[in-house]
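A.B. asks: The structure is given below, and queries will be raised subsequently.
We did not get these values from a lab; they are worked out from the coordinates using the rules stated. Since the structure is predicted, the reported quantities are computational estimates derived from the model, not experimental observations. As a convention, Cβ positions derive from the backbone with ideal geometry for all residues, glycine included, and neighbour counts pool all protein chains shown.
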Amino acid sequence: MTGYLSEIYDGIKSLCAGLGVTLKHCFRKPITLQYPEEKPALPLRARGRLVMPVDPATGANRCTACLLCAKACPNGSLEITKAVGEDGKPKPRAAKYLYRSGNCMYCNLCVEACPFAAIIMSDEYETGTRDRESLDADLAAENHELKGSKLSWWLSKFKGEEPS
Amino acid sequence: MTLPLKELLYAPAAPLAAFAAKAHALWAARGLPSSVLDLLFQLAIAAAVSGFITVNALFIIWFDRKIAALMQLRKGPNRVGPFGLLQTLADTLKLLSKEDLNPRGIDPLAFWLAPLLVFIPAFAVFLVIPFGDGLIAGDLNIGILYILAISGLSVIGILSAGWGSNNKYSLIGGLRSAAQMVSYEVPMMLAILPVVMLTGSMRMGAIVDAQAGYGWFAFMQPVAFVIFLIAGNAEVNRAPFDLPEAESELVAGFNTEYSAMKFSLFFLAEYTNLFLTSAIAVSLFLGGWEGPFLPPVVWFLLKTYFVITLLCWARWTFPRIRVDQLMQFSWKYLLPIALANLLLSAAAMKLL
């Protein structure tokens, strides 16, 4: 009999505890983000689409077309054509930096591999398109400009010698 | 002629009776039988009730979803219309435009009749709900008995939905529902009995009148009130007692095979039953339409929505219980407590 009564008491107590938890939640703000209208503030190291930023000091990108990024890429998403000067000799510059974002798995290995910090993962994540071709982009021709904290973070990453 | 608005809001019995008498006199002056006019009046009341059921169910569904969102730190429906109020309307239109599927191997009669058998009891119980002073479609002298008898009928509809669908999940859902309804009707009746004993009448109007002056039976009979809420929640098949349509085990239980119009009837009946359980709880335990300043109808709806909030709170807090726990809870806990409460209150009434 006492076991039965204590069971009832425990049951009522635990039910009330449960009701209390949901009651407490009623007074908290919703964590919903109304996505297309509101957008989240992404963390600094968020990995979005790959970009090749323009260095504000020189007004050009830092790529030397060394192909280390293309070798580091596990998916072969990068295809780089070296620039050729008027004398027919290759120059340390990318004429074309083809980035196939449809292939990319956002692993950041190309960024790690680059000795000049010429490329970085931006915080662009709305990259859906209607056709396959528009997934490919020539990053060297894009002249992407970084802004805000991402820019200062990117500038602080590269402390070595400037590419010649 | 000016409408007696204040009177219509606060004490509609007299103006309504005057209106009926006037209409009868006019009708008789043209030499027509008064039974036809009575029939017309009854049809008008039925139309008003069905209109109320539809609009109210649309609102309750929105209300339930908003409370769920509040407790789960979400925002809930907020796209269609102001505050998402028209979301349910949009959902209903979508449902009605869907194909009415009839699976192979169904029992056509049971399958087609089931939604109606579930919905008609919910509709019929509105006869004895006192919305305000004199605003009651038919104040039967066996009001409580009528409610219990009619709302018990909906189990047949759910059972026939389960049987007629030719689907194992539907059948299990229907059988669970039958077991649940039968088990929880007993503590529900035992929770109502003290109220009937205190009032000395089964008439809904008399029960509300007996609580005049804030002598609400919820204060005198708190245990019966809580038992009524729990058993009522089980009667309308809502969480934590939603075993008949347990999504995680039975697909959707007895309404697995239903689509379009038939499914929307089930849905409508479920939320109407929720409103009815709350309305009966308000009439029996919370003083019905009694309250200061505001019109009785407003007080009645406010209190009913308060009880609906309580039931929604329970729904979005507790996980679904197992079948054996369901039976145990009813027969081992609710029933003895309700019986003890009944005996104690009977003894107290005899002694005091």
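A.B. asks: What distance in nm separates the two pseudo spin-label positions at A:R132 and A:E145, each 7 Å out from Cα along the beta-carbon direction?
C.D. replies: Going from the A:R132 label point to the A:E145 one covers 3.5 nm.
A.B. asks: Using amide H atoms built in the peptide plane, which far-off residues or other-chain residues are under 5 Å from A:R93 H to H?
C.D. replies: Those lying under 5 Å, H to H, from A:R93 are A:A83.
A.B. asks: Then there's this: Determine the gain in length on full extension of the stretch A:Q34-A:V54; use 0.36 nm per residue of separation and subtract their C-alpha separation, reporting nm with one decimal.
C.D. replies: Working: separation 20, 0.36 × 20 = 7.20 nm, distance 3.29 nm.
3.9 nm is the gain from fully extending A:Q34 to A:V54.
A.B. asks: Any chance you could check the Cα centroid distance between segment A:1-68 and segment B:191-209 for me, in angstrom?
C.D. replies: 52 Å
A.B. asks: Give me the inter-chain shielding for A:18-28: mean count of other chain Cβ atoms within 10 Å, whole number please.
C.D. replies: On the way: counts 5, 5, 1, 2, 11, 3, 1, 6, 7, 1, 3.
The mean count of partner-chain Cβ atoms within 10 Å per residue comes to 4.
A.B. asks: Sticking with this one: Can you tell me the relative contact order of chain B? Whole percent, Cα pairs under 8 Å, sequence separation 6 or more. The partial results should precede the final answer.
C.D. replies: On the way: 492 pairs, mean separation 73.0, N = 352.
For chain B, the relative contact order is 21 percent.
A.B. asks: Anyone know which of B:A231, B:A246, B:A149 comes out most mobile in the 10 Å Cα GNM of chain B?
C.D. replies: For chain B, modelled as a Gaussian network with Cα springs under 10 Å, the answer is B:A149.
A.B. asks: Quick check: Cα centre of segment B:53-100 to Cα centre of segment A:142-157, how many Å?
C.D. replies: Between the Cα centres of segment B:53-100 and segment A:142-157 lies a distance of 45 Å.
A.B. asks: Is the C-alpha gyration tensor of chain B telling us rounded, prolate or oblate? Criteria: a/c under 1.5 is rounded; beyond that, a/b larger than b/c is prolate, otherwise oblate.
C.D. replies: Oblate, because a/c is 1.5 or more while a/b does not exceed b/c.
A.B. asks: Same structure again: So if we plug the beta-carbon distance of B:A18 and B:V55 into 1/(1 + (r/R0)^6) with R0 = 35 Å, what FRET efficiency do we get, rounded to 0.05?
C.D. replies: Values: r = 28 Å, r/R0 = 0.79.
The calculated FRET efficiency here is 0.80.
A.B. asks: Rank by packing, highest mean first: peptides B:300-307, B:25-32, with packing defined as the count of other Cβ atoms within 10 Å averaged across residues. Mind showing how you got there, number by number?
C.D. replies: Values: B:300-307: 20.1, B:25-32: 10.0.
Those peptides, ordered most packed to least, come out B:300-307, B:25-32.
A.B. asks: While we're here: From the square roots a ≥ b ≥ c of the eigenvalues of the alpha-carbon gyration tensor of segment B:297-352, which class results: rounded (a/c under 1.5), prolate (a/b over b/c), or oblate?
C.D. replies: On the way: a/c = 4.32, a/b = 1.11, b/c = 3.88.
Oblate, because a/c is 1.5 or more while a/b does not exceed b/c.
A.B. asks: Just tell me how shielded B:70-76 is by partners: mean number of partner chain Cβ atoms within 10 Å of each residue's Cβ, no decimals. Can you show the working numbers first?
C.D. replies: On the way: counts 6, 7, 6, 7, 3, 5, 2.
Average per residue, whole number: 5.
A.B. asks: For B:Q72 and B:Q328, calculate 0.36 nm times their separation in residues minus their Cα-Cα distance, and state this gained length in nm to one decimal.
C.D. replies: On the way: separation 256, 0.36 × 256 = 92.16 nm, distance 2.98 nm.
Contour length minus Cα-Cα distance gives 89.2 nm.
A.B. asks: Round to the nearest 0.05 the FRET efficiency obtained for A:T2 and B:N141 when R0 = 41 Å and r is the Cβ-Cβ distance. It would help to have the intermediate numbers written out before the result.
C.D. replies: On the way: r = 45 Å, r/R0 = 1.10.
After rounding, the FRET efficiency stands at 0.35.
A.B. asks: Checking a compactness column here: for the protein assembly as shown, what do you get for Rg(Cα) / (2.2 N^0.38 Å), N being the number of residues? The partial results should precede the final answer.
C.D. replies: Working: Rg = 33.9 Å, N = 516, 2.2 N^0.38 = 23.6 Å.
So the Cα radius of gyration is 1.44 times the expected 2.2 N^0.38 Å.
A.B. asks: Can you work out the Karplus-derived ³J(HN,Hα) for every residue in segment B:258-275? Use 6.51 cos²θ - 1.76 cosθ + 1.60 with θ = phi - 60°, whole Hz, and x for glycine or proline.
C.D. replies: Values, residue by residue: 8, 9, 6, 4, 5, 5, 5, 5, 4, 4, 4, 5, 4, 6, 5, 4, 4, 4 Hz.
A.B. asks: Another question, if that's okay. If amide H atoms are built 1.01 Å from N in the plane of the peptide, which residues on other chains or at least 5 residues away come under 5 Å of the amide H of B:L135?
C.D. replies: For B:L135, no residues qualify.
A.B. asks: Now, a different point. Ranked from highest to lowest mean number of other Cβ atoms within 10 Å per residue, what is the order of the peptides B:192-204, A:102-114, A:120-132, B:136-148?
C.D. replies: Values: B:192-204: 19.8, A:102-114: 15.6, A:120-132: 12.8, B:136-148: 18.1.
Output ranking for B:192-204, A:102-114, A:120-132, B:136-148: B:192-204, B:136-148, A:102-114, A:120-132.
A.B. asks: Turning to a different aspect of this structure: Pop out the ³J(HN,Hα) list for segment B:102-107 in order, Karplus 6.51 cos²θ - 1.76 cosθ + 1.60 with θ = phi - 60°, rounded to Hz; leave Gly and Pro as x.
C.D. replies: 10, x, 5, x, 6, 8
A.B. asks: Between B:D38 and B:M261, take the C-beta separation as r, use R0 = 41 Å, and let me know the FRET efficiency to the nearest 0.05. Provide the component values of the computation, followed by the final result.
C.D. replies: Details: r = 32 Å, r/R0 = 0.77.
Efficiency, rounded to the nearest 0.05: 0.85.
A.B. asks: Sticking with this structure for a sec: Would you mind working out the magnitude of the charge dipole of segment B:106-351 relative to its Cα centre, with +1 at each Lys and Arg C-beta and -1 at each Asp and Glu C-beta, to the nearest 20 Debye?
C.D. replies: Dipole magnitude for segment B:106-351 comes out near 340 debye.
A.B. asks: To the nearest 10 degrees, how steeply does helix A:2-26 sit against the main Cα axis of chain A, on a 0 to 90 scale?
C.D. replies: Tilt relative to chain A: about 40 degrees.
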